[in-house]
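The values are calculated or read from the model by the stated rules, or taken from the named source; none is laboratory data. Here the structure is a predicted model, which is why all the values come from computation and not from measurement. Positions of Cβ are backbone-derived with ideal geometry, glycine not excepted, and every protein chain shown enters the neighbour counts. Each accessible area value is taken on the protein alone, full model and side chains, heavy atoms only, with ligands, DNA and RNA left out. Shrake-Rupley method; radii C 1.70, N 1.55, O 1.52, S 1.80 Å.
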Amino acid sequence: MERHEAGLKKKSFSLFYNGGEIWCEHLDSLYDKKELLIEKFQQDLLNIDRPSTSSFLAVVLDESDVDLEILELIVEGLVGLKKQIRKVVFVGLTARMKNYIKKRKISTLFAMTCIDDLEKAKEWLITK
């Protein structure tokens with residue numbers, strides 16, 4: 001079994017946490033398989049855009065090689081949704097990619113940040 005197959009098997013899902021609901025977008029453990037990451041995200045966008053899906057998102061990217069092209073595709077995908085997104089936290093980005101998010105969040109209508117610890121990321125999402 002190739003190491004990226006575990007990442008493909010990880011499903012994105014809605015999680016109830018501390019009185020709130022979070023959409024956990026699992027794009028982690030895909031390593032250098034950019035095409036698979038893009039395909040998985042585009043499929044998940046259909047679920048994220050549903051009215052019943054939370055507008056608080058944790059995008060987990062640990063152990064996936066994320067470049068500016070991938071990150072811009074993710075941000076633009078979220079910006080382009082019909083539903084209103086309120087907060088997005090990215091988990092598992094390099095320092096360079098975090099810097100990009102810091103600059104990019106100025107031009108989005110929702111709050112964005114990067115937090116390496118998933119528990120702290122979930123806390124940030126549900127706090128006012």
Would you work out the relative contact order for the chain, in percent, from Cα pairs under 8 angstrom that are 6 or more residues apart?
-> 23 percent
Output the antiparallel fraction of DSSP beta bridges having both residues in region 1-115, as a percent to the nearest 5.
-> 25 percent
What residues have an amide H closer than 5 Å to that of M112, excluding those fewer than 5 places away on the same chain, when H is modeled at 1.01 Å from N in the peptide plane?
-> V88
Ordering I126, I106 by how much accessible area each has at a 1.4 Å probe, largest first, what is the list?
-> I106, I126
To the nearest 10 Å², what's T94's accessible area with a 1.4 Å probe?
-> 80 Å²
Placing each pseudo-label 7 Å from Cα in the direction of the beta carbon, N99 and W124 end up separated by a distance in nanometres of 1.8 nm
Heads up, I need the accessible area for D117: 1.4 angstrom probe, whole protein in place, Å², nearest 10.
-> 70 Å²
Of K10/K103; K40/K105; K33/K120, which sit over 25 Å apart, Cα to Cα?
-> K10/K103; K33/K120
Once N18 and Q43 are pulled to full extension, the length gained, defined as 0.36 nm per residue separation minus their Cα-Cα distance, is 6.2 nm
With every protein chain left in place, what is the accessible area per residue of the chain in square angstrom, probe 1.4 Å?
-> 56 Å²
